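Worksheet: the structure to be examined is printed underneath.
The values are calculated or read from the model by the stated rules, or taken from the named source; none is laboratory data. Note that the structure is a prediction, hence the values are computed from the model and not measured. Neighbour counts are summed over all protein chains in view; Cβ atoms, including those assigned to glycine, are modelled from backbone coordinates with ideal geometry.
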Amino acid sequence: MIKRANHKAIKGFTLIELMIAISILSLLLLTGSYTYSLMSSRWSKELGNFAIAEKNAKHIELTQRLLEGIQSFIVVNPQKKPFFFFIGHNTSLLAVSQSGFFANEVSEIFRLSAVEKSSGLFDLVYQSKSTQNLLLKGTEQIIEFDQSLVLFSDLTQISFEYFGWRNIDEKTNDEQNNFAPFWQQSYSGIDKQYMPEKLTLTLVKNNKILVMPIMLQTNVQSWLSPYINSDT
């Protein structure tokens, strides 16, 4: 007797099984897409923060070089009396630097100033004019800046301080009268007929404080001597 072999019936997917498989696949795709979106967003945010940090670091370096490059620049009043072109206030500084941002190998007349915004925060703004385009000679000259750049934004505080003499007479007679330089909130090379020996720029943002200490030229009387000798 020949026995007939039993063959198991080959079954395919039922409609319900297919729907379950599609649902699971859709859930996996949705989860993967959401995870990728989160990772991509986080990566973009980190790149953005890095770009901001890189920009700030560059501007800190440029500002440091600018201030260290401040020159003992002589201007004269209508009576031809010499003064130093340096006008510093607690929230602004006007001077000449050999390390300006825009002029190549030429000194720049610059102004750093704290500009208050409607939010109550401050931007540190740099303005400049190349000495190649303006011959700075007099104390009463009008300077129209043609370059501008926002160095730092949304700061809670911007302040300058200057370490120097009260005037050139105190510097000249310091040994006889025990005069000494001191920290001041403002310093005018035109009023004092002298330059500060150093300054600091303080920037505050989100309770983080950055202080830039800057050493300037000392014993700058030699810059005045050609004018003093010409009068004698």
Yes/no for S130 being surrounded by 13 or more Cβ atoms within 10 Å (Cβ to Cβ) and in contact (Cβ under 8 Å) with a residue 24 or more places away in the chain
yes
State the number of residues belonging to the stretch 59-84 that are part of a strand (DSSP E or B) and crowded, with 20+ Cβ neighbours inside 10 Å.
3
A21 fails exactly one of the following numbered conditions: (1) touching a Phe, Trp or Tyr at 6+ places or on another chain (Cβ under 8 Å); (2) within 30 Å of S107 (Cα to Cα); (3) at pLDDT below 85. What is the number of that condition?
(2)
So how many residues does the stretch 142-166 have that are of a type in the set (D, E, K, R) and touching a residue at least 60 places away in the same chain (Cβ under 8 Å)?
1
Here are some residues: F163, F179, F152. Which one is farther than 16 Å from M212 by Cα and surrounded by 15 or more Cβ atoms within 10 Å (Cβ to Cβ)?
F179
